[in-house]
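Novice: Sharing a structure, written as structure tokens. Questions coming.
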Amino acid sequence: MAKWKIGLAATIGVGVVMPLLTLHGQSRPAPAKPMALTDLDYIEIKQLVARYPFAVDTGNNNGYDYADLFSADGEFIRPYSKGREQLAALARGGRLGPSNVVHYITNHVIEPTPEGAIGREYLFELTFGQAGRGQNGDGQRGQAAPGAGAPNPAMPAPAAPAPTAPAPALDGAAAPPARGAGQGGTVNQWDMIGRRNGELARTGGHYEDVYVKTTDGWRFKRRDFIPSKRGANPTPLAPPRIPADADKGVEPGPLPPAQFIAPTRQSALTALDYIEIGQLVASYGHALDSGYGQGENGEPYASLYTPDAEFAGASGHDQLMALARAQPRGPAYVRHYLTNHVIEPAADGARGKQYLVVFDINEKGEPGSIYLGGHYEDTYAKTRDGWRFKTRRLFPARPATPPAPAPAPAGR
């Protein structure tokens, strides 16, 4: 049973009560059962984590928006800050503001405990700038995660230099006039592709959280950031029989017309099904990259699949274990970031898709790099141990095709 599933079992009454133990003739009480989290508890905890980047990147309300995400005795571990005043001070700095966007948090897994819940998420940071520079407009790197080797947040930023070129339009409309612009002072957005307006920052890793339910709702009681660090190179194993061209050069078929059916109008999946499938997909990177922090990833990864599952030419539990062990890994390593998870009911279970980006976080203080992007398409099956991957397919990202130019208007 996967680690994340152990926690969810308590919510549906599947938890196993351990018998009393006897030590030197004396009975010991059974371990406390995890709290039974409701669907709304999971949603509220996810909303708490989703608010974190907005609070830490903007420093809004003099840092108190950040501090109020924590319980009264809440603490951030590195640099250590405890209590509302210290946490607010941690969130203040010169390179903040309503337009500062740095922290991207994905792969959120929640597990209930007797006292509340714990969680893990991946973090990557991006820095954005003007004039095609992968930096903030002040010419400085974006503020790093607290505890992640960030500059002193109390240091003011240098004055921002004047921009030398306009930023591209955000909604596909024409950008403002720029040097080299065509007739009418507009810029074709397709010509802007490849322009460097941001980059992967120096910082990446994962958070480990403790949540507590207060009179004001769920709050962080403890949050720690662990920078990504890979382990030793994996020992070569007998590889599974994977075709050389597996998942390469494969294009998804044409998309059918969009037809979004709200989950509230679907009867095949319950709210808990959506939560548990979300936990399954969020666990993918934690299992593959670090084995949930243990370093050994084979069994944790293979246990996310049904016994007859297939992915990348590997079929069945043993081949999936070998596939995982051939990947870089380490107890603190992070690499696979998944977001935009869509879930739909299907006749035999459920299907889903997500965006994937694989970041190689640089451990030497330099910006990392993007190794791979694309999207997964999955089918999920509900087993006696919960939801599992039955099939998974990767479609690597490829450049889009520019739209055909509009025909010239007929002359008069």
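Novice: Output the strands (runs of 3 or more DSSP E) that fall wholly within the stretch 289-368 and possess 1 or more residues being of a type in the set (Ser, Thr, Tyr), more than 18 Å from the chain's Cα centre (by Cα) and surrounded by fewer than 22 Cβ atoms within 10 Å (Cβ to Cβ), or say none. Even if it seems obvious, please write down each step before you answer.
Specialist: Working: elements: 305-311, 336-346, 349-360.
The strands (runs of 3 or more DSSP E) meeting that bar are 305-311.
For (1) touching a helix residue (DSSP H, G or I) at 6+ places or on another chain (Cβ under 9 Å); (2) at pLDDT 95 or above, each residue gets a yes or a no:
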{"site": "GLY15", "(1), (2)": "yes, no"}
{"site": "LEU21", "(1), (2)": "no, no"}
{"site": "GLN47", "(1), (2)": "no, no"}
{"site": "VAL56", "(1), (2)": "yes, no"}
{"site": "LEU69", "(1), (2)": "yes, yes"}
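Novice: Check the stretch 188-196 and report whether any residue there is modelled with pLDDT under 95 and in contact with a Ser or Thr (Cβ under 8 Å, 6 or more places away or on another chain).
Specialist: Within the stretch 188-196 (the criterion being modelled with pLDDT under 95 and in contact with a Ser or Thr (Cβ under 8 Å, 6 or more places away or on another chain)), the answer is no, since none of the residues qualifies.
Novice: Among GLU75, GLU44, GLU85, which is the only one that is acidic (Asp, Glu), in contact (Cβ under 8 Å) with a residue 40 or more places away in the chain and open to solvent by 50 Å² or more (accessible area, probe 1.4 Å)?
Specialist: Details: GLU75 fails: open to solvent by 50 Å² or more (accessible area, probe 1.4 Å); GLU85 fails: in contact (Cβ under 8 Å) with a residue 40 or more places away in the chain.
Answer to the check: GLU44.
Every residue, every condition in (1) touching a helix residue (DSSP H, G or I) at 6+ places or on another chain (Cβ under 8 Å); (2) in contact (Cβ under 8 Å) with a residue 60 or more places away in the chain, yes or no:
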site	(1), (2)
LEU338	yes, yes
VAL358	no, no
GLU366	no, yes
ARG384	no, no
ARG392	no, yes
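Novice: Can you find, within the stretch 270-288, the residue that is farthest from VAL358 (Cα to Cα) among those that are open to solvent by less than 20 Å² (accessible area, probe 1.4 Å) and of a type in the set (S, T, N, Q)?
Specialist: Restricting to residues being open to solvent by less than 20 Å² (accessible area, probe 1.4 Å) and of a type in the set (S, T, N, Q), the top hit is GLN279.
Novice: Out of all the residues in the stretch 96-111, which are out of contact with any Phe, Trp or Tyr (no Cβ under 8 Å at 6 or more places or on another chain) and assigned to a strand (DSSP E or B)? It would help to see each step written out before you state the result.
Specialist: First, pick out the residues of the stretch 96-111 that are out of contact with any Phe, Trp or Tyr (no Cβ under 8 Å at 6 or more places or on another chain): 96-100, 102, 108.
Selection gives HIS108 alone.
Novice: Report every pair of residues separated by at least 6 positions or lying on different chains whose Cβ atoms are under 6 Å apart, first residue within the stretch 208-223 and open to solvent by 70 Å² or more (accessible area, probe 1.4 Å), second of a type in the set (Val, Ile, Thr).
Specialist: Close Cβ pairs (under 6 Å, with a partner that is of a type in the set (Val, Ile, Thr)) amount to LYS221/VAL210; LYS221/VAL212; ARG222/VAL210.
The values are calculated or read from the model by the stated rules, or taken from the named source; none is laboratory data. Fair warning: this is a prediction, and the values are worked out from it, not measured in the lab. Please note: Cβ atoms are built from the backbone with ideal geometry, for glycine as well, and neighbour counts cover all protein chains shown. In case anyone asks, the SASA skips ligands and DNA or RNA and just uses the protein heavy atoms, side chains included. Shrake-Rupley method; radii C 1.70, N 1.55, O 1.52, S 1.80 Å.
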